[in-house]
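J.: I have a structure here, written as structure tokens, and I will follow up with some questions on it.
The values are calculated or read from the model by the stated rules, or taken from the named source; none is laboratory data. Just so it is clear, the structure is predicted and the values come from calculations on it, not from any experiment. No Cβ is skipped: glycine too gets one built from the backbone with ideal geometry, and neighbour counts run over all protein chains shown. Note: accessible area is taken over every heavy atom of the protein model, side chains too, but ligands, DNA and RNA are not part of it. Shrake-Rupley method; radii C 1.70, N 1.55, O 1.52, S 1.80 Å.
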Amino acid sequence: MNKTPFEMLDLNLITVFFTLYEELNTHKAAERLNMSQPAVSRALQKLRDAFNDPIFVKTRHGLSATDKAHFLAQRLPNTWQELSDIINHVEQFEMSELTGRLNVTLHPALIGLLSDKLFLALHKVAPKVELIVSVWNNDTEEDLLTGKQDIAVTMLSPKLSKEMTVKSMPSLHARVYLNKQHPLASRTIDEQAFATYPLAVLHVPGWNENTTYVERYLERLELTPKIVYRSPHPDSLLNVVAQTELLHAAGAQYHDVDSSQVLSKRIYIENKPVKLNSYFCHHYRHRNKPLFQWVFDTVNQIISHQHQIEKTTK
């Protein structure tokens with residue numbers, strides 16, 4: 001009797017498939033898998049034979065996934081993770097023995113608050129794990145669904161697939177940065193301030209290159225902001241703010257800012273301080289994984305601490 005494709009498949013090839021799908025390059029995949037490039041190429045040929053499809057085709061810049069590969073990348077992660085959890089199940093979870101990569105996407109306003117603290121905490125308990133931090137963008141949900149990203153932390157309520165687990169965390173005050181000599185330095189910063197003075201805004205490709213949150217927020221109030229400087233670098237924005245009358249609004253307070261020239265104040269809209277909630281997101285297939293619970297507890301603790309600090313600052 002002929003064997004089914006599943007019976008013919010070496011399950012070790014699935015790991016090779018996932019890595020090739022992420023890297024789209026046999027050399028990079030080989031480095032991550034600690035294999036030789038010819039060995040990865042042989043594994044790819046076995047995948048092609050097993051699925052009766054090219055899976056990946058060569059291009060000038062590496063590999064391109066076929067429709068079959070995209071289908072597998074969308075459907076396999078759930079089953080593969082559940083199978084892995086069953087086989088690898090142990091009664092005691094040892095963080096110190098973990099290896100591999102943890103891919104975490106952060107909202108741009110939270111990178112300064114979370115990234116270094118999360119790494120230091122993780123490195124202390126799981127020194128063999130490599131933390132890779134990226135910026136939330138328009139592809140983040142798809143990346144979480146396909147397994148390219150493990151965890152995402154964002155602000156504002158994300159409208160995500162029902163396959164996602166979303167946990168709420170404490171809110172943080174939105175802040176505005178301005179020159180200490182600015183005419184508004186001693187005044188309350190409200191919606192009229194953003195309509196009166198020019199703005200410097202955080203411009204992140206793949207996230208808000210078309211319309212920033214500040215523009216959308218003010219448009220709802222029928223106000224038109226005058227944006228004169230856009231940059232993906234907070235340090236550059238703050239340097240400009242320190243030397244001009246530009247205002248820069250941020251979803252949360254930046255950290256390690258030179259306060260000798262720049263002032264940070266709360267933003268008030270319709271006489272109420274603007275507060276933005278934080279959300280911890282991952283695919284539901286990770287819901288029972290101790291590492292993901294540890295990351296949530298750590299991130300929640302960092303944000304909760306900042307939330308408490310903000311109760312005593314204006």
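J.: Being under 14 Å from Tyr268 (Cβ atoms), crowded, with 18+ Cβ neighbours inside 10 Å and out of contact with any Phe, Trp or Tyr (no Cβ under 8 Å at 6 or more places or on another chain) is the filter; apply it to the range 192-220 and report the residue that is modelled with the lowest pLDDT.
T.: Tyr217
J.: Something else now. Looking only at the range 82-102, which residues are within 23 Å of the chain's Cα centre (by Cα) and either at pLDDT below 65 or β-branched (Val, Ile, Thr) (or both)?
T.: Correct list: Thr99 only.
J.: Looking only at the range 94-115, filter to residues that are under 13 Å from Val295 (Cα atoms) and assigned to a helix (DSSP H, G or I); which one of those is least open to solvent (accessible area, probe 1.4 Å)?
T.: Leu114
J.: Just the residues that are on the phi > 0 side of the Ramachandran plot and open to solvent by less than 30 Å² (accessible area, probe 1.4 Å), please, taken from the range 118-173.
T.: Matches in the range 118-173: Gly147 only.
J.: Follow-up. Name the residue that is surrounded by the fewest Cβ atoms within 10 Å (Cβ to Cβ), counting only residues in the range 267-305 that are touching a Pro at 6+ places or on another chain (Cβ under 9 Å) and farther than 23 Å from Leu247 by Cα.
T.: Ser304
J.: Restricting to the range 58-79, count the residues that are surrounded by fewer than 12 Cβ atoms within 10 Å (Cβ to Cβ) and more than 25 Å from the chain's Cα centre (by Cα).
T.: Matching residues across the range 58-79 total 5.
J.: Return yes or no: is Glu245 more than 15 Å from Val274 (Cβ to Cβ), surrounded by fewer than 15 Cβ atoms within 10 Å (Cβ to Cβ) and in contact with a Phe, Trp or Tyr (Cβ under 7 Å, 6 or more places away or on another chain)?
T.: Judged against the criteria, Glu245 is a match.
J.: When you scan the range 33-53, do you find a residue that is surrounded by 13 or more Cβ atoms within 10 Å (Cβ to Cβ), closer than 19 Å to Asn103 by Cα and touching a helix residue (DSSP H, G or I) at 6+ places or on another chain (Cβ under 8 Å), even just one?
T.: yes
J.: Now for a different question. Which ones in the range 129-155 are assigned to a loop (DSSP other than H, G, I, E, B) and touching a Gly at 6+ places or on another chain (Cβ under 8 Å)? If you could, list the steps in order and put the result at the bottom.
T.: We begin by selecting, within the range 129-155, every residue assigned to a loop (DSSP other than H, G, I, E, B); these are 136-139, 147-150.
Within the range 129-155, Asn137, Asn138, Asp139 meet the criteria.
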